[in-house]
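The values are calculated or read from the model by the stated rules, or taken from the named source; none is laboratory data. It should be emphasised that the depicted structure is a prediction, and the values quoted were computed from it without experimental measurement. Cβ placement follows ideal geometry from the backbone for every residue including glycine, while neighbour counts extend to all protein chains displayed.
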């Protein structure tokens, strides 16, 4: 049973990386887009991957904790360091990434979130200069460094 839970944990990791990879690719692609219609489609694509992203994250966390319990690993520092690092990565990337891209969604006339509340699309997109400035503030390299760097450290801890 332990091996099946570990396999489930690995499957959660793969699902998480696969679903989140679209958002990473889109973050880099949006650096070069300036037309609202060319910005909307990738943002919709990224949003469509969110159910798989959240389900996979839940599976990887739950199966990871269960396998750590079953394998008697909970007394090991690397397990707790991995959990703390994963939480820090999620909080950091959410704070930097989703807040910025919700502003971009709002700017191009899409529904967006502010805090934990969803808002319908704004009737008028922002001026092209304002969209250009907003897109230029994106930080895909920082997000990639947090995500990939953190994932590599967690893999190294294991």
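Of note:
- In the stretch 120-135, the count of residues that are under 22 Å from residue 10 (Cα atoms) and either buried (at least 18 other Cβ atoms within 10 Å of the Cβ) or more than 16 Å from the chain's Cα centre (by Cα) (or both) is zero.
- Long-range neighbours under 8 Å by Cβ, at least six apart or interchain, first residue closer than 14 Å to residue 134 by Cβ within the stretch 31-49, second surrounded by fewer than 16 Cβ atoms within 10 Å (Cβ to Cβ): 31/136; 34/128; 34/132
- Any hit, the stretch 15-27, residues being within 19 Å of residue 149 (Cα to Cα), exposed (fewer than 14 other Cβ atoms within 10 Å of the Cβ) and in contact (Cβ under 8 Å) with a residue 12 or more places away in the chain: yes
Rundown of residues vs (1) touching a residue at least 12 places away in the same chain (Cβ under 8 Å); (2) over 24 Å from residue 140 (Cβ atoms); (3) loosely packed, with under 13 Cβ neighbours inside 10 Å; (4) touching a strand residue (DSSP E or B) at 6+ places or on another chain (Cβ under 9 Å), yes/no style:
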| site | (1), (2), (3), (4) |
| --- | --- |
| 55 | yes, yes, no, no |
| 68 | no, yes, no, no |
| 94 | no, no, yes, no |
| 102 | yes, no, no, yes |
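- Yes/no for residue 72 being loosely packed, with under 14 Cβ neighbours inside 10 Å, out of contact with any helix residue (DSSP H, G or I) (no Cβ under 9 Å at 6 or more places or on another chain) and at pLDDT 90 or above: yes
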